[in-house]
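The values are calculated or read from the model by the stated rules, or taken from the named source; none is laboratory data. Owing to the predicted nature of the structure, the values given are computational and were not obtained by experimental measurement. Cβ coordinates were reconstructed from backbone atoms using ideal geometry, including for glycine residues, and neighbour counts include every protein chain displayed.
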């Protein structure tokens, strides 16, 4: 089998290492993410999921163990820029990641940093804005956009750098439901249509369901990993980790506790629930 | 608070005129030459010639006159101050006297001259900002400062700072409004009291604003780094400034005008 795109080997990380405030945010993480995969990282606040995300594009480097991205160790300081070109990162606050005064120029910011020739930058900007559906807003300034639109511009800014992987750190946490939908539609399109590897950090279960695989984190460790259906069937474990399960899954679980054994414990969507309920005697 | 929205830095009025389409560098250099001219001439006919140049620029830019006049309004106080200082404080031939205040002929001449200089200066520079978008202005400044890099002028860094400032002004204004509303909802009063009390009531707005601004700066720095930013070295540009024959014509015209006027007047 080919080498995984992203590989964590026994990774530990401490903030302010060797000081009295030392705080271990990651402990012994082993994780592989294949090219083209869509992985959701779930976890409660302070579970280390953002710290994990920052390791993928070398914004942080491990205190122990190593992270290899596209064959490059993130501790190889000379090749940090190569890693950042391969891994795009979208942050939580849509306001604090747009640099330029117009949409098109913001999307051009990454390619400009890579030193790409001007005509090629224009081609990439057109392409990226088209892909996220923000072409008609290209001359607007960021403060004239909604939260969801700003996040789509941020994503376009990543796409213009032609990364193999995009890491999104709670991109929908500050958005309204419409904005969330816009962002998630874009993320899915990138994964399914363009084959870009997606690592989505989130605590919204409805978003995690869409992933190929879920990684659950707690206190800096990976505690659970598997396809969404398998992860969410473990209602008790998730509740112990102070995580919600999707509403329908919780409902299915409660119905089972009341004796409706015919209902499977791995229902994820409302449609599935409707089908099952309609078949009940 | 609604007025804060109306403050747009540079007051750029989009347009398609010849002046609008000139390269920003041309406009910056021309404005600079024009300022030099204003300080070289010291006769009324010299100022009249400078005014002629400005009128030509205004006509070509097809800017509504009211925008240009609006730029002078905030100067009213300074104009009155300048006039009265010169009228009353200059020694010389007394024209008339009110009580102990003497108005001299020299004072009137000097005062009117200073005021014409001031008005022409403001109108001239406002044509630059009215016809050039802040983005192009920044690009122009960066490009013009680049040759000075050897002397330690951080051209790219200055331009980047200006861009980020322009980007965040609306964001910070929005945030200020939000904080003010939050404080008002809890009974804060920004409108009554004397100027000191009102200034004091702004402190609870400024502190959260500053804290948030620092947090934003931190986030933005991380985001920029994640997007491969490492200073101006090896960076290409999305927008490339282009000097055309129109720029050459405009520059030669302004330069010749400035030299001729400053020699003859």
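Details
- If you go through the stretch A:103-114 and keep only what is facing another protein chain (nearest Cβ under 7 Å) and within 20 Å of residue B:12 (Cβ to Cβ), you end up with just A:105.
- Count - residues of the stretch A:254-269 that are modelled with pLDDT of 85 or more and within 22 Å of residue A:208 (Cα to Cα): 1
Matching residues to (1) in contact (Cβ under 8 Å) with a residue 24 or more places away in the chain; (2) over 30 Å from the mean Cα position of the chain (by Cα); (3) over 23 Å from residue A:154 (Cα atoms); (4) within 7 Å of another protein chain (Cβ to nearest Cβ):
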site	(1), (2), (3), (4)
B:197	no, yes, yes, no
B:201	no, no, yes, no
B:208	yes, no, yes, no
B:211	no, no, yes, no
B:215	no, no, no, no
B:218	no, no, no, no
B:224	no, no, no, yes
B:229	no, no, no, yes
B:232	yes, no, no, no
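- Meeting the requirement of 2 or more residues that are touching a strand residue (DSSP E or B) at 6+ places or on another chain (Cβ under 9 Å) and either at positive phi or more than 14 Å from every other protein chain (Cβ to nearest Cβ) (or both), the strands (runs of 3 or more DSSP E) wholly within the stretch A:142-232 are A:197-202, A:213-218, A:221-226.
- Every test in (1) more than 14 Å from chain A (Cβ to nearest Cβ); (2) in contact (Cβ under 8 Å) with a residue 12 or more places away in the chain; (3) in a loop (DSSP other than H, G, I, E, B) is passed by residue B:246 save one, and that test is (3).
- Single residue of B:67, B:12 found to be farther than 30 Å from residue B:179 by Cα, at pLDDT below 90 and either surrounded by 15 or more Cβ atoms within 10 Å (Cβ to Cβ) or in contact with a helix residue (DSSP H, G or I) (Cβ under 9 Å, 6 or more places away or on another chain) (or both): B:67
- Positions within the stretch B:234-243 being more than 10 Å from chain A (Cβ to nearest Cβ) and surrounded by 12 or more Cβ atoms within 10 Å (Cβ to Cβ), in sequence order: B:241, B:243
- All of (1) within 21 Å of residue B:232 (Cα to Cα); (2) within 9 Å of another protein chain (Cβ to nearest Cβ); (3) surrounded by 16 or more Cβ atoms within 10 Å (Cβ to Cβ) hold for residue A:93 with one exception: (1).
- Applying the criterion of being surrounded by fewer than 19 Cβ atoms within 10 Å (Cβ to Cβ), farther than 26 Å from residue A:23 by Cα and in contact with a helix residue (DSSP H, G or I) (Cβ under 9 Å, 6 or more places away or on another chain) to the residues of the stretch A:71-90, the residue that is modelled with the highest pLDDT is A:72.
- Of all residues in the stretch B:166-184, those that are touching a residue at least 60 places away in the same chain (Cβ under 8 Å) and at the interface with chain A (Cβ under 9 Å from one of its Cβ atoms) have Cβ atoms under 7 Å from Cβ atoms of residues that are surrounded by 15 or more Cβ atoms within 10 Å (Cβ to Cβ) and in a helix (DSSP H, G or I), 6 or more apart or on another chain, in B:166/B:134.
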